[in-house]
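What follows is calculated from the coordinates using simple rules that are stated; it is not laboratory data. As the structure is a computational prediction, the values presented were derived from the model and not from experiment. Neighbour counts run over all protein chains shown; Cβ positions are idealised from the backbone, glycine included.
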Amino acid sequence: MSFSGRASLMSAGFLLSLALMMGRLAGFLREIMLASFLGLSIQADVAIILLTIPDLLVNLLLSGGIGVALIPTLKSLSAKKSSALFFQASLVVGLVFTAVSVLFILLPSACFWVLAPGLPEPLQYLESWMVYIIAVAIPLTALSGVSTAVLNSRNKFFVSGCGTLIFNLSIIASLLVATIRGEQYLAWLCFGIFCGVVIRWWSQLLAMGDAVLNRSVLRHEWLVSSFLLRKFLVGLASSSLLVVVPVILRAGATNLGEGELAAFNYAIKLVELPIGIFITTLATVAFPQLSAAHTGIDPAAFGRLLSDVIQRSLALSAAVVLCGVPFIDSVVYLLFSSGRVDIEGLHHITILAQIALLSVPFVAVSSLAATALNASGRSKLVLINTCVVVLLLFLFCIPGLLLTEPVILMGALPVFYMVYSFYLVRAVERKTLKQGLMIVTLGIRYFFVIGGVVFVSILIDAFILRIVLGSQSLWIVSVCRVCLAGITFMISLVAGIYVKRMSQE
């Protein structure tokens, strides 16, 4: 690849990362606003279910199926055939998900029960038009998945990446209107969801230009083959199963009482933010390099690269967990205390987030193991292992549900990722014991060194900050503690890099 080609690729990657990051941050702001306006109430639970429907659909479609099936095919076709395939794929997807929306209209109670089986009569909080407007949003969301694939195939990454940002900004605007009017938060939320999916889809159509909207596509031969459909289903299954993990946990939380779904949602979103910034990015960057090493039939280079990225991910995850657990209460206070969440609710979210943080190291290992398997052409193993462990998740949830204990139910999340990482590491390296011991040894080393840094920070917090700031407001104390956590995190990363270099000498 030429220098200009590499520069163009890096620029596109940066723009896509920027758009996705802005969308993720806007989504996090959306959750903060929901907590501020609705607290840990049953209305907050219903609001999260309403958001889960388009969110889940987008994640399922964009994380795997449509992109895996359409992008390579679109790149191989001429401009005319590409336009025809876009139209035909939109027609098929639109019809399928229109049928899904009709089912949602006919059986709304059943659909809500699947997502929140323990929530008592959620439809009593919704007027009939709200159900219809969410139903209309379903096929429009699916159609945006097709247009996103077309934009990515034409290297228009920034526009496609802004889809989530547009959707979340629309919801934020609707919640602000509801706040000004002081009423009907759920009604305005439904309106915001509808506006978000419409604006996202039309912005993508406009970005594609007239080339995909000409009349000649109506007379073109049929291009949506059975092979393309099978490719879509395989990509959907292998890439998107993990998306349902938080959905399953939130659904189980509805059996534990009013507001538990919202509490689980806020805690999981807190943990997903550092995972998305650090762990997912590392796996994405490592994938093409691992693929190149595998293609070049260089197992030694493949092993060295995999070991290097695992060490980096363990250092990052150790810093996230050890800096997060003692200080996340201040983060929760700053984010959620300004609204309707009381002190008891803040404490509850803090405990759940601390438990969820324990999953970060296992998410790091499992994501890199999955990346290694995909890079070496063993995607089938990822699919099989993911299916097995997702089924086991239901067993992991049983103790928390039987004991009606939210903390135990949230404990199913780190247990799930621990088992999942073990399965994938075993698939990557047949010498399971040797590979497992290497990862455990590295993990203990990083946690021990970074733990020392965090321990000093905890002492500073306990014997200096709390004494000096004892007369200040809780808000000021929380800001100072979060700043201390940020400084500790940076020092922890430096310590992790030092340990990594020492281990390589």
Going from the fewest other Cβ atoms within 10 Å to the most, one would list Val309, Val100, Val320 as Val100, Val309, Val320
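For Trp129, Trp202, what ranking results if the residue with the fewest other Cβ atoms within 10 Å of its Cβ goes first? Before the final figure, lay out each step's value.
Details: Trp129 11, Trp202 14.
Fewest-to-most Cβ neighbours within 10 Å comes out as Trp129, Trp202.
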With x for Gly and Pro, the residue-by-residue ³J(HN,Hα) of region 133-144, computed from phi through the Karplus equation 6.51 cos²θ - 1.76 cosθ + 1.60 at θ = phi - 60° and given in whole Hz, is 5, 5, 5, 5, 5, 5, x, 5, 5, 5, 5, 5
